[in-house]
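**Student:** Below is the structure I would like to discuss, written out as structure tokens.
Any read-out appearing in this document is the output of simple, stated calculations on the displayed coordinates, not a laboratory observation. The shown structure was predicted, so the numbers you read here are calculated from the model rather than taken from an experiment. FYI the Cβ positions are ideal-geometry reconstructions off the backbone, even for glycines, and counts take in every protein chain you see.
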Amino acid sequence: SSGDHGLPVVIDWRAGATVPGWLTSDSTRRPGLVTVDDLSATLAEVGGVDGSGVDGAEIDPGEARRISPERTVENRRYLTELSSTVTHLLPVLAGVLLLGAAVVALVVGRAYLGTPRRRVRDLARGARTGQRALLAPTGQRALLGPAGLRAVLAILLVGASAPAGAYLAALSRWWVHPVPVVAASVSTAVATVAVALAAWFGARALAPDRWRLGTALAAVTWAVLTLDGLTGTTLQQGSVLGASDAVGARYYGFGNLTFSVYAASALALAAGLAARAIAARATSRAVSAVAVVGLVTVVVDGWPGFGADVGGILALVPGFVVLALGVLGRSVTVRRVLAGLGLAVAIVVVVGLIDWAGPGPASHLGRFVERLVQGQAWGVLGGKASDAWATVANPGGALATAVVVAVALALVGPRRPAVVDRAYEAWPLLRQVLVAVVVVAVLGTVLNDSGIAIA
């Protein structure tokens, strides 16, 4: 029924066919998966009707299906279990992460409000001279004691490791287990702890600085998604953070949630590497680190054969331009952000033309160029704008928007709290990377149909 997010069965019986195959199409690029629009496009092709206005591609029998009918039914049941479980578990994962953030905010907030102003100023001064920002010098009372600091650090580390853990959990093939919800939850938890431990031990191998744990964790997350993007995004297809096949938002490439995680980890990794280079008085090396990480990220996220994410290119390029300006000590102005956006548009145009004119099946971008040539692009843009607005025009979306705006203003706004400025004094490039994150979040929200979910 229309209210169920299920995967109905499609059978294409063709006269003369001798070997059963998995139905596929250029819309999904996945054997055994087609869309309703593909049915319309196929009927139009068979009936000799103009199907240029249909958002779909002709269904093809695809590669041979060399398993029995019983195994075929079981295989499709597993896919249905995966799609329905992802839809139910995503809010749970988001709720757990928000709860962890709230606990950290409560602990640190109570410690800050319960500490005399003079002591806080002393701590900030100690941070600027290389001492820990949350620990007092020997013999003095700390804003957070060693136990409190370890607890806060553990919660933040596990929470920040959860996205990479959610993708790596797909390696367990949790959807084939008798109770997929439990299997997915356990697999995600185990993978999250593994990512946290990898980041922790990776950080211990680096020279001490404030960025080393953040750099190690960002590197693990970024590497996981980079490899997934280069190898067909199979991890995303089996992740709680992936796009559910039943919902039909994305069948290949990077979905918008994956883009959000990838962008944040890439900016944090680039900033961490740049901060270490600046500490060694190697500004050119710092800019090179930002450029290399940015280039790889844009290619993996946006190239049609990898992430195939058009909006990602438009948001990422200005973000990395802003971070590079920060590394060079230049101010971020509206004109420079718009220049970065113009560069992103130029890249999208070039990639789109290559995708459209190439010999293989076109991705979303190539099909959009085709619509542009046919004069039908405004309908596509209008639909995406409507979808993005729908994420805000409801009570939950409005609340999420208010929270995101409040956090952004508290971090990079002109009237941000004094404690944030003290953190900027203690952490090199922290303000610059947060400005870049806000730029990517705003552009990603405006330019993608997931809207406020990206921010």
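**Student:** (1) 82, 53, 47; (2) 86, 51, 43; (3) 67, 50, 39: which one is Cα extents along the principal axes in Å as calculated from this entry?
**Tutor:** Only one listed value fits the structure, namely (2).
**Student:** Of Gly255, Ala111, Ala223, whose Cα points farthest to the positive end of the dipole of the chain (charges on the beta-carbon: +1 Lys, Arg; -1 Asp, Glu; origin at the Cα centre)?
**Tutor:** After comparing all options, I get Ala111.
**Student:** Something else about it: Taking the Cβ of Asp309 as the center, what net charge do the other residues with Cβ under 10 Å away carry, scoring Lys and Arg +1 and Asp and Glu -1?
**Tutor:** Value of the local net charge: 0.
**Student:** Any idea what the relative contact order of the stretch 215-294 is, in percent, if you count C-alpha pairs under 8 Å spaced at least 6 apart?
**Tutor:** Taking the mean separation of contacting Cα pairs over the length of the stretch 215-294, I get 29 percent.
**Student:** Run the simple label-point estimate for Val104 and Asp387 please: 7 Å along Cα→C-beta, distance reported in nm.
**Tutor:** 3.1 nm
**Student:** Report the local net charge at Gly242: Lys and Arg +1, Asp and Glu -1, summed over other residues whose C-beta lies under 12 Å from its C-beta.
**Tutor:** Counting the neighbours of Gly242, the net charge comes to -1.
**Student:** If you average the sequence gap of Cα pairs under 8 Å that are 6 or more apart and divide by the length of the chain, what percent do you get for the contact order?
**Tutor:** 12 percent.
**Student:** If amide hydrogens are placed 1.01 Å from N in the peptide plane, which non-local residues have theirs closer than 5 Å to the one on Thr24?
**Tutor:** Answer set, sorted by chain and number: Gly32, Asp60, Gly62.
**Student:** In degrees between 0 and 90, to the nearest 10, how far off the longest principal axis of the chain does helix 283-302 point, with axes built from Cα atoms?
**Tutor:** In the chain, helix 283-302 runs at an angle near 20 degrees to the longest axis.
**Student:** What distance in nm separates the two pseudo spin-label positions at Val407 and Ala282, each 7 Å out from Cα along the beta-carbon direction?
**Tutor:** Those two pseudo-labels are separated by 3.4 nm.
**Student:** Run the helix sum for the chain: -39,500 (n - 2.57) per DSSP H stretch of 4+ residues, divided by residue count, reported at 222 nm to the nearest 500 deg cm²/dmol.
**Tutor:** -22000 deg cm²/dmol
**Student:** Just how large is the dipole of the chain about the Cα centre, in debye to the nearest 20, putting +1 at every Lys and Arg Cβ and -1 at every Asp and Glu Cβ?
**Tutor:** Charge dipole of the chain: 3180 debye, to the nearest 20.
**Student:** Something else now. Of Ser265, Pro208, Ser172, which is farthest towards the positive pole of the chain's charge dipole, taken about the Cα centre with +1 and -1 on the beta-carbons of Lys, Arg and Asp, Glu respectively?
**Tutor:** So the residue furthest toward the plus end is Pro208.
**Student:** Can I ask one more? Give, as a single signed number, the net charge of other residues whose beta carbon lies under 15 Å from the beta carbon of Leu443, with Lys and Arg counted +1 and Asp and Glu -1.
**Tutor:** -1
**Student:** So if we plug the beta-carbon distance of Trp13 and Ala418 into 1/(1 + (r/R0)^6) with R0 = 60 Å, what FRET efficiency do we get, rounded to 0.05?
**Tutor:** Once rounded, the FRET efficiency stands at 0.25.
**Student:** Continuing with the same structure: Where does helix 395-412 land angle-wise versus the long Cα axis of the chain, in degrees 0 to 90, nearest 10?
**Tutor:** That helix lies at roughly 40 degrees to the long axis.
**Student:** So how tilted is helix 69-113 from the main axis of the chain? Cα-based, degrees 0 to 90, rounded to 10.
**Tutor:** 20 degrees
**Student:** Suppose each label sits 7 Å from its Cα in the direction of the beta carbon; what would the Leu113-Phe201 distance come out to in nanometres?
**Tutor:** For Leu113 paired with Phe201, the spin-label model returns 4.1 nm.
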